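Asks: Here it is, the structure in full.
Only the coordinates and a few stated rules stand behind these numbers; no lab work does. Here the structure is a predicted model, which means the values were calculated and not measured. In this analysis, Cβ positions are derived from the backbone assuming ideal geometry, glycine residues included, and neighbour counts consider all displayed protein chains.
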Amino acid sequence: MGLASDKDWVYDVEDEGTNTIVYKGREVRIGGQARESGLRWEWCPWVFVGTNACATARVCQHSSTDRRLWFGYGDYAAYVILTDNPTADSAARFCASGFLRMSYDYGTDANWDNLWQSAVLDVKGGASGETVQIKYRKDAETSATECIAVAATNGVYETNFTSELSCKKIQFELHLASDTNTATPEVTYFQAKGIEKPTTVRTHEAIYSLGDTPSKRVKEIRTFLRGGRTSTSLIKFADLRYGDDTAGTAGTDYVYVVMQPGYPQEIEIKHEKDRQPELGLKVRWQEVSYS
């Protein structure tokens, strides 16, 4: 609904259905290595115009130090002061409240459970009327819930959430509030702390005895187990001690497994005098969810 720019930013006025929002953005270079580097656009919601109609936007230089972004505001015109450092500019004005919603964090694997318990913040400008609050939305939730209460603490500090959070995905919101239009708190750093719960993997460690005399059976077992490490097919594993067998129902009498790296290992079980040593093949199987 409007597009303008100055020496640093592009200002894009977007009609998002119910409300109109002014975004500020610019192209930045990312990546340290040549093959990873590139340009991309980064945008930040900046001015909430609400339900007021807007059809155009312009940047005007009112003086050597006064730059403003003018935009349509229903039947009127409104402006915001453009400044390189708003909190150090006495002419800058701030709204009573606002929030920044981050993108979802899925962790390493979207199917793993994630446990979140605290956050580290670096805050400046906090006071009795200038406060910071943290909220979150997890999984399918559509409304935000407080996890760090309203605070005016300054500096770098860590605080626990009101309760531990367990979820598959989560997004956090930084809520800022001020009781005056001439000051605002700043959050220059935010880090949420938690831990992932990887999918439970069951392993089976077994030692297959090869005896102390060469035989076709010994050779077959050794060849089979050595090939299990590089096999591209799943292997059926049954615990014969409990009457399981590989001819039973899948998931009941046997499980599908793959051999973990570093196995099989040929170990000496015992070596009696005047006899060849009895060898064993030690393997570690990892179950695979398959049926």
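Asks: Sort Tyr263, Tyr189 by Cβ crowding within 10 Å, fewest neighbours at the top. Before the final figure, lay out the partial values.
Replies: Values: Tyr263 17, Tyr189 9.
By the 10 Å Cβ count, ascending: Tyr189, Tyr263.
Asks: Right, something else. Going by C-beta contacts inside 10 Å, put Ser118, Ser233 in order with the fewest on the left. All intermediate terms of the calculation are to be shown ahead of the outcome.
Replies: Working: Ser118 15, Ser233 9.
Arranged by neighbour count, lowest to highest, Ser118, Ser233 become Ser233, Ser118.
Asks: Let me ask something else. With equal scatterers on the alpha carbons only and no solvent term, can you work out the Debye log10 of I(q)/I(0) for the stretch 94-199 at 0.21 1/Å?
Replies: Once normalised to I(0) and log-transformed, intensities are -1.07.
Asks: Related question: Rounded to the nearest 10 degrees, what's the angle between the helix 216-228 long axis and the longest principal axis of the chain, both from Cα atoms, 0 to 90?
Replies: Around 10 degrees separate the two axes.
Asks: Given C-alpha coordinates of the stretch 1-89, what is the ratio Rg to Rh with the Kirkwood estimate of Rh? The partial results should precede the final answer.
Replies: Working: Rg = 15.2 Å, Rh = 14.3 Å.
Across the stretch 1-89, the Cα-based Rg/Rh ratio is 1.06.
Asks: Along each of the three principal axes of the Cα atoms of the chain, give the extent in whole Å, ordering the values from largest to smallest.
Replies: Principal-axis extents of the chain (Cα, largest first): 102, 41, 37 Å.
Asks: Within straight cross-link reach of Lys138, meaning Cα distance under 23 Å, which lysines are found once same-chain residues fewer than 8 apart are removed?
Replies: Once the sequence-local lysines are set aside, what remains near Lys138 is Lys168, Lys169, Lys193, Lys197.
Asks: Give me a comma-separated list of calculated 3J(HN,Hα) values for the stretch 42-52, in order, Karplus coefficients 6.51, -1.76, 1.60 applied at θ = phi - 60°, integers in Hz, x for any Gly or Pro.
Replies: 10, 10, 9, x, 10, 10, 8, 8, x, 8, 6
Asks: In which sequence would Thr159, Thr142 go, from the one with the fewest C-beta neighbours within 10 Å to the one with the most?
Replies: Working: Thr159 15, Thr142 5.
By the 10 Å Cβ count, ascending: Thr142, Thr159.
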